[in-house]
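The values are calculated or read from the model by the stated rules, or taken from the named source; none is laboratory data. This structure is a prediction, so every number in the text was calculated from the model and none was measured. FYI the Cβ positions are ideal-geometry reconstructions off the backbone, even for glycines, and counts take in every protein chain you see. Areas reflect the complete protein model, heavy atoms only, side chains present, ligands, DNA and RNA absent. Shrake-Rupley method; radii C 1.70, N 1.55, O 1.52, S 1.80 Å.
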Amino acid sequence: MSVQPAETAVVPGARAPGTAASPGAPHRSEQLTVRGLRKRYGAKEADVLQDVAFVLREGESLAVIGANGSGKSTMLRCCLRLIEPDTGEIEMLGQDVMSARERSLRRLRAHVGFVFQRHNLVPRLSVLSNVLHGAQARAASPRNWFQATAPGRLRAEALACLERVGLTELAGRRSDRLSGGQSQRVAIARTLMQRPRLVFADEPAASLDPTAGEEVMELFAQLMRDEGVGVLFTCHDLDHARRYGDRVLALRQGRVMFDRAVGEVDFDGLRQLYGPVPAAERSPREVLYG
Amino acid sequence: MADPTRQPDRRRELPDRLPRPDALSFTLYVAVAAFVIWCFQAAEMSVSTFIEGVPSMGRLVSEMFPPAFGRMDSIGATMLETFQMAVVGTVLGVALSIPFAVMAARNQTPNRAVYYLARGVITFVRTVPDLIWAIFFVITVGLGPFAGVLALTVDTLGFCARFFAESMEEADPGPQEALTALGARRSGIVLGAVLPAAMPSMVATSLFALEKATRSSVVLGLVGAGGIGIELKAAMDMFDYNEAATIILSIFALVVLVERTSAALRARLI
Ligand SMILES: Nc1ncnc2c1ncn2[C@@H]1O[C@H](COP(=O)(O)OP(=O)(O)OP(=O)(O)O)[C@@H](O)[C@H]1O
Ligand SMILES: [Mg+2]
């Protein structure tokens, strides 16, 4: 995001940072460093990721683009070892991910938010319980995970997270009775409850209408500005990549095609990355929203 | 240009109405048919014996009328005890089933060995009939309702754990992955994402288990494991068919009541 700290106050809905990390600090340390990442799903299959390398710095956003099946989701999951990579070096928040044992891996994941294309909220539980789940790693007792039993302190914190995504009035609603946009914002509130230092988002706006998608992307932008959280997001909307990414990483068949600052990316030339799209195959999104 | 009447007859090209069995499946069909016929013979089926038995059936039924309601209060109390056994057995069995189901669900089990062990226990417990469990517990803990409750608990475990495990396996992996990604432990994932998703089907299964336990509980008394069964056996042994009729009618009433209530609850659940 090419937004200076000075602009923070002008953004509507921007709130004071909760846990203060100094935005615009002169020294931006690396939050995530990946080298030589390789993954294939089966012995007989082709490599899904080959020699992928990139760096994400504090308070920076990296937009990952690439055609369907180019390996974006796999890359994000591999960084947190939700999928076990075959080889590679991953250093996250100063820790070596590949050598981490189960316990330290859990502790590391606790600091990293992950927002999915499909919100992945737990159905049948209330919105507030879903947000409380974000604190599972630091509030280890099961009674902290449910709205009915959690102590007031955690409930208040969860409500504050909901307030930041503008959904306090839905706290008691069952999470399977929400619209797609509301669900995704609740998922972000759950991530906020983690007090994340780094956020991964896999096509967070892809199943939302343009307005809701914009709101979701804006929430990530705020999180970066206010708290210096690094954001790694994938998207198919090049406009989002241009406006919300500081850097753009393009994947093609599991290889990094380029990784450069957003100002140096020729977005019009990029459309070839996806091949020409005949009019008949235009997505409903394009047809509906131009 | 195409004249339909002049089109070649294509019926020969149609596939057979029934697939032709190959030699192996044909042999199998014949073997199964022969086996079933052999089973009928072994069961000593005899039309004449059955016809000879009809008059005594009629006599037995007529001797049951009118049902004797003299000891209704004592029968009622025992019926209540029977149902209470069923409730306790179901509650304990369901509670025990949850950890077993977690170990026996492919996507939740801590490791392969635990998985096969849990599956094995559940299969064993399920395949041994409830009356045999009742006999086992009568011998080990003595006569009375406690033996019956233990038998019902074990029987419910065999029934519920398997279905619970299946509904846990069917739970949407998305929320589970989300919780894994935010650093939750296995217990957090089970409690936070798997159980909420499996809950409706687990409640329905538990209600079925209660129906099953109610039906079982009425016969456990036959082997001395508490409940109405012992009363029925005593009445029959003493040729008190009028009272036996009352007991049978009470059993019928209880089972129908439980089944209806459970069905209504399950319908509301969906
Ligand atoms: N669990 C899996 N098992 C086997 N192959 C998989 C699995 N997940 C993904 N793949 C394969 O890996 C490749 C990359 O998939 P991935 O989901 O990472 O792509 P993507 O860039 O996220 O695509 P999209 O834009 O459609 O989300 C694809 O060819 C896919 O078929
Ligand atoms: Mg993807």
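Association of chains B and A removes close to 1800 square angstrom of accessible area from solvent, both sides included, for a probe radius of 1.4 Å.
At the residue level, A:D239 shows approximately 60 square angstrom of accessible surface with a 1.4 angstrom probe and all protein chains present. Largest GNM mean-square fluctuation among B:I247, B:I51, B:I75, using chain B with Cα springs under 10 Å: B:I51. Antiparallel beta bridges, as assigned by DSSP with both residues in the protein assembly as shown, represent about 55 percent of the total such bridges.
Listed by chain and number, the lysines whose C-alpha is less than 28 Å from the C-alpha of A:K44, apart from same-chain residues fewer than 8 away, are A:K72.
Ranking of B:L269, B:L14, A:L32, A:L82 by solvent-accessible surface, largest first: B:L14, B:L269, A:L82, A:L32 (1.4 Å probe, protein heavy atoms only, all chains present). Figure note: A:Y244, B:Y241, A:Y41 ranked by solvent-accessible area, largest first, 1.4 Å probe, ligands and nucleic acids not counted: A:Y41, B:Y241, A:Y244. Amide H contacts under 5 Å for A:M257: A:A250, A:L251, A:R252, restricted to partners 5 or more places along the chain or on a different chain, H placed in the peptide plane at 1.01 Å from N.
A cut-off under 12 angstrom between Cβ atoms defines the neighbours of B:V255, and their net charge, with Lys, Arg +1 and Asp, Glu -1, is +1.
Length gained on full extension, B:S48 to B:F146: 30.8 nm, using 0.36 nm per residue less the C-alpha separation. Distances between every pair of Cα atoms in the range A:122-177, grouped in 10 Å steps from 0 to the bin holding the largest one, split as 28, 59, 14 percent. Classified by the C-alpha gyration tensor, the range A:126-233 has an oblate form. Its axis ratio a/c, with a ≥ b ≥ c, is 1.5 or above, and a/b does not exceed b/c.
Excluding same-chain neighbours fewer than eight residues apart, the lysines reachable from B:K212 by a Cα-Cα span under 30 Å are B:K233. Here is the list for the range B:1-102: GluC sites (Glu not before Pro) lying in DSSP coil, each with at most 12 other C-beta atoms within 10 angstrom of its C-beta, are B:E44.
Across the range A:199-265, the fraction of Cα-Cα pairs farther apart than 17 Å, rounded to a whole number, is 41%.
Out of every Cα pair in the protein assembly as shown, what percent are spaced more than 32 Å from each other? Each step should come with its number before you reach the end.
Values: 96708 of 156520 pairs.
Summing the P(r) tail past 32 Å for the protein assembly as shown gives 62 percent.
Comparing mean-square fluctuations of B:V219, B:V255, B:V121 from a GNM of chain B with C-alpha springs under 10 Å, the top value falls on B:V121. Among B:S262, B:S46, the sequence by solvent-accessible area, most first, with a 1.4 Å probe is B:S46, B:S262. Each Lys and Arg contributes +1 and each Asp and Glu -1, all at the Cβ; summed about the Cα centre of the protein assembly as shown, the dipole is approximately 920 debye. Shape call for chain B from the C-alpha gyration tensor, a ≥ b ≥ c root eigenvalues: rounded (a/c under 1.5), prolate (a/b greater than b/c) or oblate? Oblate shape, in that a/c is at least 1.5 and b/c is the bigger or equal ratio.
Relative contact order (percent) for the range A:122-177, with alpha-carbon contacts under 8 angstrom and 6 or more residues of separation?
About 49 percent, as a whole number.
Amide H contacts for A:D209 (H built 1.01 Å from N in the peptide plane; partners 5 or more residues away or on another chain; cut-off under 5 Å): none found. Heavy-atom accessible area for A:H111, with the other protein chains in place and a 1.4 Å probe, reaches approximately 80 Å².
Within the shell of other residues whose beta carbon sits under 14 angstrom from the beta carbon of B:T246, the net charge comes to -4, with Lys and Arg scored +1 and Asp and Glu -1. When the alpha carbon gyration tensor of the range B:130-270 is reduced to an equivalent ellipsoid, its three semi-axes come out at 40, 18, 8 angstrom, largest first. Quick one: net charge of B:L131's neighbours, Cβ under 15 Å, K/R +1, D/E -1? It works out to a net charge of +2. Judged by the gyration tensor of its Cα atoms, with axes a ≥ b ≥ c, the range A:74-143 is oblate; a/c meets the 1.5 cut and b/c is at least as large as a/b. Across q = 0.21, 0.29, 0.35 Å⁻¹, the range A:65-106 modelled as identical point scatterers on its alpha-carbon atoms has Debye log10 I(q)/I(0) values of -0.68, -1.06, -1.30, in the order of the q list.
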